[in-house]
Amino acid sequence: MALKLGSGTRNALLSGSGGLKEIFADGVLDIYSGVGPANADALETGSQLVRISVASGIAGSGGTGGGTAGTGVGSNGLNFGTAANGTIPKNADVWSGSGTANGEAGWFRFYDTRVCQGANGTAVRMDGICAVSGGDLDMSDLTVAVGATITVDSFSITLPAY
């Protein structure tokens, strides 16, 4: 598995506007059904099953394609902890959300605080694969049901040493 970074994310990292912890501060993680798009600049595929925020709190309404930024996430956005040995973990907050559709998790998109959805080459976001084991986001059960609480107990990003 390999995370797919959007062009906006790669540009932000290269332009000196902050590290991953800073550019994804107060973001959200949306989990979708099916197979993810070819890259993180592409339109979301599948059905959105759940939005993960701090303690299932209301977090950003998001935007629609074409570069329209969302309203911002605010106080319920997700944050990362302290990086060590090339890995940055989620912070100690409870990352969770309530299922909004029934389905099987296939992939996720982590958005920055603007939650810019749709096809967009400048949005700061990253995609990964959901799995029970060996995914970019490991889940105890891939089944999501309407109203069920989904909790992300562990999430980290590791940059390779080479």
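Every number here is computed from the coordinates shown, using simple stated rules; none is lab data. In this text, all values refer to a predicted model and were calculated from it rather than measured experimentally.
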Globularity index of the range 113-158, i.e. its alpha-carbon radius of gyration over 2.2 N^0.38 Å: 1.40
Which translational diffusion coefficient, to the nearest whole µm²/s, is obtained for the range 72-120 from the Stokes-Einstein equation, given a Kirkwood hydrodynamic radius over C-alpha pairs, 37 °C and 0.692 mPa s? 243 µm²/s
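Taking only DSSP H segments of four or more residues, each worth -39500 (n - 2.57), what value at 222 nm results for the chain once the sum is divided by all its residues, to the nearest 500 deg cm²/dmol? Intermediate results must be reported in sequence, preceding the final value.
Values: 2 runs with 12 residues, N = 162.
So the helix-based figure for the chain works out to -1500 deg cm²/dmol.
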How big is the chain on each of its three principal axes, counting only the C-alpha atoms and giving the largest first in Å? 41, 36, 31
